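Everything below concerns the one structure shown next.
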């Protein structure tokens, strides 16, 4: 098999989801639950990663979620995700959520996130991680920060390993 690295653009990995905010997704402030936003990000990023590697993967970490503004009931949401960097077995994806007031057509960025996925069958000898190529100014800005985010995530992973080693599995009533 040819092991040369294939190159894909961010646009070739892009996944877009649209929806109207429904009442079942609202909290007591009539805004979209943060967990609903995170679910949209996870699904959109997962599909972007699949578009990139054409293989199954799983969400390894939610590296950053930033909630900028609330999403109100009766607004339309637009979630856009694309691959923003990759290692040997992991892929980072970026997602942003735009909300649009359907009456005025005014849109605003309400949240964004970076998630890391791990390729489940990366030990396949025929697998070669593609390269990602940003084209737009936004993509170039997002992708240019990948190496720094990756280093910071490795530090956090080591800290999390130490934390996990100190956590108890006993229920509070069994202590």
Residues being farther than 18 Å from residue 88 by Cα and assigned to a loop (DSSP other than H, G, I, E, B) - total across region 2-42: 8
Conditions (1) closer than 23 Å to residue 34 by Cβ; (2) surrounded by 12 or more Cβ atoms within 10 Å (Cβ to Cβ): number failed by residue 106: (2)
State the number of residues belonging to region 111-141 that are in contact (Cβ under 8 Å) with a residue 60 or more places away in the chain, buried (at least 17 other Cβ atoms within 10 Å of the Cβ) and not in a loop (DSSP other than H, G, I, E, B). 7
Out of the residues in region 11-35 meeting the condition of being free of Cβ contacts under 8 Å to residues at least 24 places away in the same chain and farther than 12 Å from residue 72 by Cα, tell me which one is surrounded by the fewest Cβ atoms within 10 Å (Cβ to Cβ). 24
Is there a residue being surrounded by 12 or more Cβ atoms within 10 Å (Cβ to Cβ), at pLDDT below 95 and part of a loop (DSSP other than H, G, I, E, B) anywhere in region 146-162? no
Might you check whether a residue that is farther than 24 Å from residue 11 by Cβ and loosely packed, with under 10 Cβ neighbours inside 10 Å occurs anywhere in region 86-97? no
Would you please list the contacts, defined by Cβ atoms under 8 Å and residues six or more apart or on different chains, that run from a residue in region 65-80 that is at positive phi and in contact (Cβ under 8 Å) with a residue 60 or more places away in the chain to a residue that is outside any strand (DSSP E or B) and crowded, with 16+ Cβ neighbours inside 10 Å? none
If I ask for residues that are within 11 Å of the chain's Cα centre (by Cα) and within 20 Å of residue 18 (Cβ to Cβ), which ones from region 98-125 would you list? 112, 113, 115
A careful count of residues in region 43-94 that are in a loop (DSSP other than H, G, I, E, B), farther than 26 Å from residue 31 by Cα and touching a helix residue (DSSP H, G or I) at 6+ places or on another chain (Cβ under 7 Å) gives 1
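The values are calculated or read from the model by the stated rules, or taken from the named source; none is laboratory data. Given the structure is predicted, the values throughout are model-derived calculations rather than measurements. No Cβ is skipped: glycine too gets one built from the backbone with ideal geometry, and neighbour counts run over all protein chains shown.
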